[in-house]
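The values are calculated or read from the model by the stated rules, or taken from the named source; none is laboratory data. Note that the structure is a prediction, hence the values are computed from the model and not measured. Positions of Cβ are generated from backbone atoms using ideal geometry, with glycine treated the same way; all protein chains shown enter the neighbour counts. To get the accessible areas, we keep the full protein, side chains included, count just its heavy atoms, and leave off ligands, DNA and RNA. Shrake-Rupley method; radii C 1.70, N 1.55, O 1.52, S 1.80 Å.
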Amino acid sequence: MRALLTIVLLLFFAAAATSGAGAEAMPIAGDSLPPVRAVRLASPVVIDGALDDVAWRGAPAVTRLTQSYPVEGQAPSESTAVWLAYDDDALYVAARCWDSQPDSIVASLVRRDLWVPSDRVVVYLDPFRDLRSGYFFSVSAAGVLWDGTLFNDMGSEDTWDGVWEGRTRRSEWGWSCELRIPFSQLRFRPGKDQVWGFNVRRRIERRTELDELAWTPRKGNGYVSRFPRLVGIEDGRRSRSIEVLPYTTGKAEYLAHAAGDPFNDGSRYTPGLGADLRMSVGNNLTLNATANPDFGQVEVDPAVVNLSDVESYFQEKRPFFTENSRIFGFGNEGASRYWGFNWPEPRFFYSRRIGRTPQGSLPYEADYGDMPLATHILGAAKLTGKLTPGLNFGTLQAVTGQEDAKYSLGGLESRTAVEPLTYYGVARGLQERKGGYNGVGLMTTLVQRRFDGSGLKDLLNEQSLMTGLDGWHLLDRKKMWVLSGWAAMSRVAGTGSRMIALQRDPRHYLQRPDARNLGVDSSATSLTGFGARVWLNKQEGNLISNSAIGFMDPKFDVNDMGFQSRADVITAHTGLQYHFTKPNRLSREAWVAGVVFESLDFDRNVTGAGYWQGNTVTFANEYSLNTELMYVPQTMNNRRTRGGPLMEEPPGTYGSVTFSTAGRNRLVYSLYADRTYTPAAGRTDYYNVFPAVEWKPVSNFSIQVGPNLQRAIENAQYVRRVQAPGEVPVDFGGLRYVFARMDQTTISADIRINVAFSTNLTLQTYIQPLISAARYSDFKELARAGSYDFIHYGDAAVRTPDDVTVTPADGGDPFSFRNPDFNFKSIRGNAVLRWEYRPGSVLYLVWTQQRTDSEALGELRLGPSTRRLFDAQADDIFLVKATYYLNL
């Protein structure tokens, strides 16, 4: 593996060394289109969507749009004209969208930054004209604003929120819009005779039609690099604005509590103050900072029942961390598609580690406790932008405070530390050559904890460091073939006890008794690991290919700052996909793909392999259908025993189907279903059925209901490892690895209700009920390492409501463990009323509720379970948060 890492590094350095060779001669697709000109305003423009200002009468119009979808290259079905102007402070864009059927314009009214099917105009800007990145600004026919950033020539994300204006006007001939985009919201090189990249797109929703100035052919690749030049801005100056967003909060909590609890009488009231800052640093960088942040307005995480050895991953929703987060992406640059196939792609920066749930716990014998729900963020700051036109840069620094939990034992109150004072830091640089033909990047992350006698030093790492290189090189002038990848090193340090625990952690399992190249080093005070991955992609034409090989050695660990499910893995795959691009009476486009993949561990055990085939079709009525089939041959499983010996994994099959109707319809239906079936493994069977319906009776109201049924019939569900000396049938060091047949049913639903009273006043509601029950039977233990053979306990396992006691037939000592049957119930949700009472200033009213209940029984019992859930005490949290935007 060190040899592979060396090869990857040599490829990166070779790409960097040759990145300038011939780059100036490479063609720029956007230069083939006539430039777009902006004119300086001679009189003010009122942003009202009417287009009756004198300024628009003399400005040159952009009218030569072309249909990019559904029929590529044809003339648009409706006419569009776009004008651009500017003054010292902002860029102005006006668009007139003629429509022969104005009554059929789709104008859905929703909250800002929520994309829904609607007629809209999107303006794209590449102010640096680096041909890879930029911004987009969209206004729908209902006046809803939507914005975001562009990256990697083809990618976009809408986590960035700028402060800008957009208004629309409907009429008998169609609709029109006006946008004002302040220069203070953009990053660009100051100076005379600015040259930017520019594009505009009009969406006609009833036809699912896209009309654009520049577009990506269906057989092609690249989007930002195809933008024509925007000229005419003669003196571009970015104002050195300082944007401050102070806020105040008031929180009332009414919580479930036990009688006599000294820490919780059922109510708690908490005021709060804080502020966010955004300001320019030079012309190309932006500083964002937050002090004492509160994110009570974000949507709650869904409830999950996780029986695996991998932690659940939750999406980041906090605005400070989502904005411009793409700058911290690592490893997947250059190519337009990255396929995985059994590759546990690590996320090197997972911002939800900052402000996480405390990792310590209350003393087991405590009578009452008051545990913090999250670690308090004392402050955080990030600096993002470009150091030079081709050098992207981003850094984020954050500090979280020590968290203490209160507890009562025998009438005496005390405290215990559950999270230490912690520093989190990440720095990212990415050097791109013009046109995006090659690039090389560097990223490093650091987590440093200060324990100060908190008693947590044996529980948590003291320091975690990661440093990595990534990059890409396009191998031809047409950008058809691209070589890309990453290589990284991690180092984790802590006490000897902590390092022993880390080596035995589910990400590593170095204690596996039959592993030839592993083992727990009891003297270690640090753990150093390496990882790398290389892709070779063909991304132009009807036929594309995707191949990759990668590894993470057994000691590789980036989980303190990132998200990593496992190490000790070597994977490779190769696949082909054919894209049918010519529309016909049946379909708009379709894809057919096939992949072969294999995974090994560092002992060369085949831990995963398979043959996958997938099909996707978009029908002429915009309905879509996706199917997947996969066959997995017999392999070895090095994780099922949770750090014990290898087990055989019998062959199995997987299939899925996804169907959805057109999103513009008043009633939208969708269905997802999958099944994993392993007949040779005691008829192990997993399946999931997820239908959903969305009803939009009027343009400003929608309700979406998505019930979900999951069934898991697992013949060998891990129960526990038992220390049971005696006449054991195999030498597992006096250990028995206990399994059972599990029959689990989970019923849940995602319910969303959205109401828009205006473009600035909206109500969003999210509700998720969940009931999950599992019955364990046929208790048994693994008979031999490397097999799928078991010794079944039968009547030797005696079950009570609380415990299972086993008297082994081989004469071993009896042992007991907790009855694993469960019935878990949860309902959680929140309602958020959002009022943007002035640009950038928002008032939130939030109600969050959660109820949970559990029983030690394995039957689902839908009626009784539902009644118990609604009889359970609720945790109700009411929040008022007011922000005020200041532009200094």
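Out of the residues in segment 158-199 that are part of a strand (DSSP E or B), closer than 18 Å to Asp130 by Cα and not small (Gly, Ala, Ser), which is most open to solvent (accessible area, probe 1.4 Å)?
Looking only at segment 158-199, we keep the residues that are part of a strand (DSSP E or B), and these are 165-171, 174-182, 191-192, 196-199.
From the residues that got through so far, the ones that are closer than 18 Å to Asp130 by Cα too are 191-192, 196-199.
Keeping just the survivors that are not small (Gly, Ala, Ser) gives 192, 196, 198-199.
Values: Lys192: 150, Trp196: 2, Phe198: 0, Asn199: 0 Å².
Checked segment 158-199; the qualifying residue most open to solvent (accessible area, probe 1.4 Å) is Lys192.
Could you figure out which of (1) touching a helix residue (DSSP H, G or I) at 6+ places or on another chain (Cβ under 8 Å); (2) surrounded by fewer than 19 Cβ atoms within 10 Å (Cβ to Cβ); (3) assigned to a strand (DSSP E or B) isn't true of Val798?
Tallying (1) touching a helix residue (DSSP H, G or I) at 6+ places or on another chain (Cβ under 8 Å); (2) surrounded by fewer than 19 Cβ atoms within 10 Å (Cβ to Cβ); (3) assigned to a strand (DSSP E or B), Val798 fails exactly one: (1).
Out of all the residues in segment 230-257, which are more than 30 Å from Gly155 (Cβ to Cβ), open to solvent by 50 Å² or more (accessible area, probe 1.4 Å) and not in a strand (DSSP E or B)?
Correct list: Glu234, His257.
What residue, of Tyr884, Tyr844, Tyr793, Tyr837, is aromatic (Phe, Trp, Tyr), open to solvent by less than 30 Å² (accessible area, probe 1.4 Å) and touching a residue at least 12 places away in the same chain (Cβ under 8 Å)? It would help to see each step written out before you state the result.
On the way: Tyr884 fails: open to solvent by less than 30 Å² (accessible area, probe 1.4 Å); Tyr844 fails: open to solvent by less than 30 Å² (accessible area, probe 1.4 Å); Tyr837 fails: open to solvent by less than 30 Å² (accessible area, probe 1.4 Å).
Step by step, each of Tyr884, Tyr844, Tyr793, Tyr837 is checked, and only Tyr793 is aromatic (Phe, Trp, Tyr), open to solvent by less than 30 Å² (accessible area, probe 1.4 Å) and touching a residue at least 12 places away in the same chain (Cβ under 8 Å).
Being farther than 30 Å from Trp612 by Cβ, in contact with a strand residue (DSSP E or B) (Cβ under 6 Å, 6 or more places away or on another chain) and polar (S, T, N, Q) narrows it down to one of Thr322, Thr290, so name that one.
On the way: Thr322 fails: in contact with a strand residue (DSSP E or B) (Cβ under 6 Å, 6 or more places away or on another chain).
Going through Thr322, Thr290 in turn, just one is farther than 30 Å from Trp612 by Cβ, in contact with a strand residue (DSSP E or B) (Cβ under 6 Å, 6 or more places away or on another chain) and polar (S, T, N, Q): Thr290.
Here is a check on your reading of the model: is Ala398 touching a residue at least 60 places away in the same chain (Cβ under 8 Å) and either surrounded by 18 or more Cβ atoms within 10 Å (Cβ to Cβ) or outside any loop (DSSP other than H, G, I, E, B) (or both)? Don't jump to the end; show me each part of the working.
Details: touching a residue at least 60 places away in the same chain (Cβ under 8 Å): no; either surrounded by 18 or more Cβ atoms within 10 Å (Cβ to Cβ) or outside any loop (DSSP other than H, G, I, E, B) (or both): yes.
So Ala398 fails the test.
Considering Gly134, Gly166, Gly155, which residue is within 20 Å of Ala756 (Cβ to Cβ) and touching a residue at least 40 places away in the same chain (Cβ under 8 Å)? It would help to see each step written out before you state the result.
Values: Gly134 fails: within 20 Å of Ala756 (Cβ to Cβ); Gly155 fails: within 20 Å of Ala756 (Cβ to Cβ).
Being within 20 Å of Ala756 (Cβ to Cβ) and touching a residue at least 40 places away in the same chain (Cβ under 8 Å) holds for just one of Gly134, Gly166, Gly155, which is Gly166.
Here's the yes/no breakdown for (1) part of a strand (DSSP E or B); (2) under 30 Å from Leu387 (Cβ atoms); (3) aliphatic (A, V, I, L, M):
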residue: Tyr423; (1), (2), (3): yes, yes, no
residue: Val440; (1), (2), (3): yes, yes, yes
residue: Gly455; (1), (2), (3): no, no, no
residue: Asp476; (1), (2), (3): no, yes, no
residue: Arg491; (1), (2), (3): yes, yes, no
residue: Ser497; (1), (2), (3): no, no, no
residue: Asp505; (1), (2), (3): no, no, no
residue: Gln511; (1), (2), (3): no, no, no
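Give me the residue from segment 695-708 that is part of a strand (DSSP E or B) and closer than 22 Å to Gly143 by Cβ and, out of that set, nearest to the chain's Cα centre (by Cα). Explain how you work it out, then say what you get.
To start, the set of residues in segment 695-708 that are part of a strand (DSSP E or B) comprises 695-698, 701-708.
Filter once more, so that each one left must be closer than 22 Å to Gly143 by Cβ: 696-698, 701-702.
On the way: Lys696: 27, Pro697: 31, Val698: 31, Phe701: 27, Ser702: 25 Å.
Among those residues, the one meeting the criterion is Ser702.
Read through the list (1) in a strand (DSSP E or B); (2) touching a residue at least 60 places away in the same chain (Cβ under 8 Å); (3) of a type in the set (Lys, Arg), then give the number of the only condition that Arg711 fails.
(2) is the only condition that Arg711 fails.
Hey, any hits in segment 797-806 for a residue that's closer than 24 Å to Ala681 by Cβ and in contact with an Asp or Glu (Cβ under 8 Å, 6 or more places away or on another chain)?
Initial filter on segment 797-806 (closer than 24 Å to Ala681 by Cβ): 797, 799, 804, 806.
Filter once more, so that each one left must be in contact with an Asp or Glu (Cβ under 8 Å, 6 or more places away or on another chain): none.
Within segment 797-806, not a single residue is closer than 24 Å to Ala681 by Cβ and in contact with an Asp or Glu (Cβ under 8 Å, 6 or more places away or on another chain).
Failed condition for Met561, given (1) open to solvent by less than 30 Å² (accessible area, probe 1.4 Å); (2) modelled with pLDDT under 95, with all others met?
If we test Met561 against (1) open to solvent by less than 30 Å² (accessible area, probe 1.4 Å); (2) modelled with pLDDT under 95, just (2) comes out false.
I'm trying to understand the selection: among the residues of segment 136-151, which are open to solvent by less than 20 Å² (accessible area, probe 1.4 Å) and over 20 Å from Arg111 (Cα atoms)?
Leu150
Please state which of the following conditions Phe227 fails to meet, knowing it meets all the rest: (1) within 29 Å of the chain's Cα centre (by Cα); (2) open to solvent by 20 Å² or more (accessible area, probe 1.4 Å).
(2)
Out of segment 401-421, which residues are open to solvent by 40 Å² or more (accessible area, probe 1.4 Å) and outside any strand (DSSP E or B)?
Gln402, Gly410, Gly411
Scan (1) in a strand (DSSP E or B); (2) at pLDDT 95 or above for the single condition Gly148 breaks and write down its number.
(2)
Return the residues of segment 537-558 that are over 19 Å from Gly220 (Cβ atoms), among the aliphatic types (A, V, I, L, M) and either over 23 Å from the mean Cα position of the chain (by Cα) or open to solvent by 30 Å² or more (accessible area, probe 1.4 Å) (or both); say none if nothing qualifies.
Ile549
For segment 763-785, what are the residues that are in contact with an Asp or Glu (Cβ under 9 Å, 6 or more places away or on another chain) and closer than 26 Å to Phe878 by Cβ? Explain how you work it out, then say what you get.
Of segment 763-785, the ones in contact with an Asp or Glu (Cβ under 9 Å, 6 or more places away or on another chain) are 764, 766-768, 773-777, 782-783, 785.
Gln764, Tyr766, Ile767, Gln768, listed by residue number.
List pairs: first residue in segment 762-782 and on the phi > 0 side of the Ramachandran plot, second residue among the polar types (S, T, N, Q) anywhere in the structure, Cβ distance under 9 angstrom, at least six positions apart or on different chains.
Listed pairs, sorted by first residue: Asp778/Asn715.
Considering only segment 560-589, state which residues are polar (S, T, N, Q) and touching a residue at least 60 places away in the same chain (Cβ under 8 Å). Lay out the reasoning, then the answer.
Just the residues of segment 560-589 that are polar (S, T, N, Q), to begin with: 564-565, 571, 574, 577, 581, 584, 587.
Within segment 560-589, Gln564, Ser565, Thr571, Thr581 qualify.
Residue check, Arg675 against (1) of a type in the set (D, E, K, R); (2) under 30 Å from Ala756 (Cβ atoms); (3) modelled with pLDDT of 95 or more, all met but one. Which one?
The one condition Arg675 does not meet is (2).
If a residue must be open to solvent by less than 30 Å² (accessible area, probe 1.4 Å), farther than 17 Å from Trp196 by Cα and β-branched (Val, Ile, Thr), how many such residues does segment 25-61 contain?
2
From (1) assigned to a strand (DSSP E or B); (2) of a type outside the set (Phe, Trp, Tyr); (3) buried (at least 19 other Cβ atoms within 10 Å of the Cβ), pick out the condition that doesn't hold for Gly436.
Answer for Gly436: the failing condition is (1).
Looking at Phe817, Phe878, Phe822, which one is closer than 25 Å to Gly274 by Cα and either in contact (Cβ under 8 Å) with a residue 24 or more places away in the chain or basic (Lys, Arg) (or both)?
Selected residue: Phe878, the only one of Phe817, Phe878, Phe822 that is closer than 25 Å to Gly274 by Cα and either in contact (Cβ under 8 Å) with a residue 24 or more places away in the chain or basic (Lys, Arg) (or both).
Filtering segment 117-132 down to residues that are modelled with pLDDT of 90 or more and either small (Gly, Ala, Ser) or under 23 Å from the mean Cα position of the chain (by Cα) (or both), which residue is farthest from Phe183 (Cα to Cα)?
Pro117
Which one is farthest from Trp835 (Cα to Cα), of the residues in segment 91-117 that are crowded, with 16+ Cβ neighbours inside 10 Å and touching a helix residue (DSSP H, G or I) at 6+ places or on another chain (Cβ under 6 Å)?
Taking segment 91-117 and keeping what is crowded, with 16+ Cβ neighbours inside 10 Å, we get 91-97, 99, 105-112, 116-117.
Subsequent filtering for residues that are touching a helix residue (DSSP H, G or I) at 6+ places or on another chain (Cβ under 6 Å) retains 94, 106, 117.
Numbers: Ala94: 26, Val106: 24, Pro117: 23 Å.
Here the answer is Ala94.
Residue by residue through segment 623-651, note down the ones that are β-branched (Val, Ile, Thr) and part of a strand (DSSP E or B). Let's see the steps before the verdict.
Let us first name the residues in segment 623-651 that are β-branched (Val, Ile, Thr), namely 627, 632, 635, 641.
Within segment 623-651, Thr627, Val632, Thr635 qualify.
Among the residues of segment 284-326, count how many are in contact (Cβ under 8 Å) with a residue 12 or more places away in the chain, in a loop (DSSP other than H, G, I, E, B) and hydroxyl-bearing (Ser, Thr, Tyr).
The number of residues fulfilling the criteria is 1.
Do the conditions hold for Ala662, that is, is it over 24 Å from the mean Cα position of the chain (by Cα), hydrophobic (A, V, I, L, M, F, W, C), over 23 Å from Arg720 (Cα atoms) and at pLDDT below 95?
Numbers: over 24 Å from the mean Cα position of the chain (by Cα): yes; hydrophobic (A, V, I, L, M, F, W, C): yes; over 23 Å from Arg720 (Cα atoms): yes; at pLDDT below 95: yes.
Taking the combined requirement at face value, the residue satisfies it.
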